[in-house]
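Asker: Take this structure, written in structure tokens, and hold onto it; I'll ask about it next.
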Amino acid sequence: MIRVTRLSGPTARESEETVAECIEEELARYDLRHLGPRTRRDGSGGLRVDFTYDAAVPPVAMEITALVKPDVRALDTELLKIETELREIVCSEQLGAWLVGIRVGAKVRRLRRPLVDLLRRHRGRNGVTLYCAGEAPEDLVNSDLRLLTELFDLVLQP
């Protein structure tokens, strides 16, 4: 089984709430303006903003937008593709369970072949094994070490 795990963190809605609170605090501190209670809108009531502060004079509307770097968005898209492909291979060939970390900026498409090769070569490995750039399992043969080096080069290249 292959699993790409998103680290736990706030949802988009929770992030919007946090940002709104920060803006409210800054307005209160520096502008001495208290907006009052916020109402989540996000398209409801015909308004296409995240929040309104109807008790404020004049009323205030707030839209919070995330600007995601293109390389992060591209990695997310590529990870979904490779996760699907790897899951099919791992399940059909019973290659065990793996957790793979890939750096932002890595050439994900180029990882597929050497990664699948490594998974196939180690299908019978039991227990937890950590493969990292500075340390590899002592029982790896030279061809596996070369393959591991190739993978690290692909993952670490911008």
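Asker: Amide H of Leu35: which non-local residues (sequence gap of 5 or more, or other chain) have their own amide H closer than 5 Å, using H built in the peptide plane?
Answerer: Correct list: empty.
Asker: Which peptide among 55-61, 135-141 comes first, and what is the full order, when sorted by highest mean count of other Cβ atoms within 10 Å?
Answerer: 55-61, 135-141
Asker: Over segment 12-62, what is the relative contact order in percent, taking alpha-carbon pairs closer than 8 angstrom and at least six residues apart?
Answerer: Across segment 12-62, relative contact order equals 24 percent.
Asker: Quick check on segment 12-62: take the gyration tensor over C-alpha atoms, sort the square-rooted eigenvalues as a ≥ b ≥ c, and tell me if it's rounded (a/c under 1.5), prolate or oblate. It would help to have the intermediate numbers written out before the result.
Answerer: Details: a/c = 2.88, a/b = 1.32, b/c = 2.19.
Cα axes put segment 12-62 in the oblate bin.
Asker: Run the numbers for Ile89 and Arg29: contour at 0.36 nm per residue of separation, minus the present Cα-Cα distance, in nm.
Answerer: Going from the current span to full extension adds 16.0 nm.
Read-outs: derived from the displayed coordinates by stated rules, not from any lab. Only a predicted model underlies this, so the values are computations on that prediction, with no experimental measurement involved. Don't worry about glycine lacking a Cβ; one is built from the backbone with ideal geometry, like all the others, and counts go over all protein chains shown.
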